[in-house]
Amino acid sequence: MGISFDRDLRVAGYRASTFKNALIGYLRTKSPASLIDLKSVFPHRRDGAIVYEECLDRHLIDRATGKVTEAGLTLVRSKVVPRTPLEKAKGVLDAFLERVDELNRDPEAISRVDQVWLFGSLMRDESTVGDIDLAIARSSSGRFENLDAQVLQAKALLANFPDAPRDWAWPWDRIDWLYRRAIFGARRHPLLAGAKDGVDDLASLGVPCRLIYERARGGRVDDAIVPRHPQSNGRLNTIDPLPVAPDLTPAPLQPMDARWVAGYDRWGSVSPYDIFRGWTDECRRLFPEYPRDLRIAASGDDLRDFPWRPKTIKRPGIDGRAAIAVISATEFWGTCITLRRSIYDISGKTVLEASFSDLQLHRSRKYIDLATLPEMVSAVSLILAVDAERILRRATDRDSSAGITIQIVSGDLPDDMKHYFVGEIVKVLEQRTVAIEPAGLSKSVVIELI
């Protein structure tokens with residue numbers, strides 16, 4: 001008896017299994033950098049970065065400690081299966097009980113089913129069911145004197161099953177095979193994965209249950225739900241508490257930690273090949289040249305081996321979310337600017353606002369080296385595009401059709417920065433040089449320059 005998630009469930013547009021596999025990987029490494037670059041889970045790093053942020057916002061990973069929470073562990077232990085409508089699940093249970101009746105009426109059968117106990121989601125009449133939780137009390141027919149007689153009967157019966165195994169580890173395995181074949185059929189229905197022999201597990205769980213079949217009373221019964229099985233003395237201390245389905249309601253949106261672009265590398269270096277999983281067309285459009293001189297940094301990041309360490313990152317407050325430093329520099333020239341982002345709702349639309357401050361120049365008092373700007377434009381455009389994609393994905397959770405706007409504020413930047421930096425960012429985003437909308441969604445995000 002555990003938690004199951006519908007295979008069709010989407011969380012921020014991703015399958016529940018994507019979150020489960022991401023958390024499994026994270027448990028091995030405890031590294032956000034490793035999580036976002038799980039190539040077996042995510043087609044691109046941006047997908048991993050969005051899922052990591054959603055894990056934080058949905059309390060699957062603790063933001064303060066970096067540890068997987070109890071809710072996250074529950075998701076890891078859960079099953080991701082198709083959820084079956086209640087009436088269809090009841091039909092599967094009815095067919096199972098018909099086979100139990102046939103077994104108990106068969107004079108040649110070796111095994112009998114004395115009781116069937118139902119618990120879990122089907123007993124609670126939930127609208128959908130992950131699997132059918134059953135505890136089956138089984139006994140042997142009284143017509144056989146001993147186990148040897150039962151094995152002889154099993155060998156005789158198996159002659160009617162050409163698909164039966166030819167080799168058996170133990171003689172009594174034949175009896176078990178015939179029993180399972182009788183009650184489950186040639187192929188066990190996936191919903192009956194929760195059907196277990198014996199009532200010991202049910203008794204140790206100490207959960208509500210209902211007797212639905214009793215051979216001594218003629219077969220099917222309609223007994224009331226009882227707080228726990230009659231043999232249960234309550235839940236054993238050695239049994240983990242019953243899992244509770246995690247609340248996946250997210251915290252309010254905030255900008256992503258932009259250091260995902262650098263793979264959370266403390267040196268802030270950017271590798272387009274790793275971001276796009278190869279030199280794809282989109283990668284080459286956004287970064288026509290390898291950005292060797294580009295850094296994405298927050299307060300305290302290690303730029304000792306970089307030609308320039310701007311004053312910006314020596315000060316507190318550059319946290320990667322509300323503010324991130326974007327730097328391009330060599331030994332001879334350089335530009336640093338702080339990208340500031342916020343997300344808010346106004347007049348029925350969501351706005352991602354981007355503004356710029358703290359322009360700093362390396363080895364220059366006045367003139368901006370324009371050669372530094374293209375890779376900075378690419379980095380900022382990518383950061384904003386993925387922020388906007390995450391907002392869109394959240395909107396799909398709510399079935400919201402609210403508009404989304406990326407509002408870029410040029411402020412009091414010098415004219416060269418307004419034209420060759422801010423203007424180029426607007427152009428890259430408007431032309432979708434880097435994708436904003438997830439695959440399958442039409443172009444909907446509006447770009448505004450104010």
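The values are calculated or read from the model by the stated rules, or taken from the named source; none is laboratory data. Since we're looking at a predicted model, the values are computed, not measured. Neighbour counts run over all protein chains shown; Cβ positions are idealised from the backbone, glycine included. Calculation scope for accessible area: heavy atoms of the full protein, side chains included, ligands and nucleic acids excluded. Shrake-Rupley method; radii C 1.70, N 1.55, O 1.52, S 1.80 Å.
Report, ordered by the first and then the second residue, all pairs with beta carbons closer than 8 Å, sequence separation of six or more or different chains, a first member in segment 65-84 that is farther than 18 Å from residue 7 by Cα, and a second member that is assigned to a strand (DSSP E or B) and of a type in the set (A, V, I, L, M, F, W, C).
Note: pairs meeting the criteria are 67/61; 68/61; 69/61.
Quick one: which residue in 109, 137 is over 30 Å from residue 13 (Cβ atoms), open to solvent by less than 30 Å² (accessible area, probe 1.4 Å), touching a residue at least 40 places away in the same chain (Cβ under 8 Å) and part of a strand (DSSP E or B)?
Details: 109 fails: part of a strand (DSSP E or B).
The unique qualifying residue is 137.
Sort out which residues of segment 320-370 are open to solvent by 30 Å² or more (accessible area, probe 1.4 Å) and among the basic types (Lys, Arg), and write them in order of number.
Within segment 320-370, 321, 340, 349, 363, 365, 366 qualify.
In the list 222, 305, which residue meets the criterion of being more than 27 Å from residue 369 (Cα to Cα) and surrounded by fewer than 14 Cβ atoms within 10 Å (Cβ to Cβ)? If you could, list the steps in order and put the result at the bottom.
On the way: 305 fails: more than 27 Å from residue 369 (Cα to Cα).
The conditions single out 222.
I'm trying to understand the selection: among the residues of segment 427-450, which are touching a residue at least 12 places away in the same chain (Cβ under 8 Å) and hydrophobic (A, V, I, L, M, F, W, C)?
428, 429, 434, 435, 436, 441, 445, 446, 447, 449, 450
Go through segment 371-397 and report how many residues are farther than 30 Å from residue 439 by Cα and open to solvent by 10 Å² or more (accessible area, probe 1.4 Å).
Qualifying residue count for the region: 1.
Under 7 Å by Cβ, and 6 or more places apart or on different chains, what pairs join a residue from segment 410-426 that is within 12 Å of residue 356 (Cα to Cα) and in contact (Cβ under 8 Å) with a residue 40 or more places away in the chain with one that is part of a loop (DSSP other than H, G, I, E, B) and of a type in the set (A, V, I, L, M)?
What qualifies is 414/368; 417/368; 422/413.
If you take the residues in segment 165-188 that are over 40 Å from the mean Cα position of the chain (by Cα), part of a loop (DSSP other than H, G, I, E, B) and not aromatic (Phe, Trp, Tyr), which one is nearest to residue 103 (Cα to Cα)?
The selected residue is 171.
Does residue 42 satisfy the criteria of being assigned to a loop (DSSP other than H, G, I, E, B) and open to solvent by less than 20 Å² (accessible area, probe 1.4 Å)?
Yes, satisfied.
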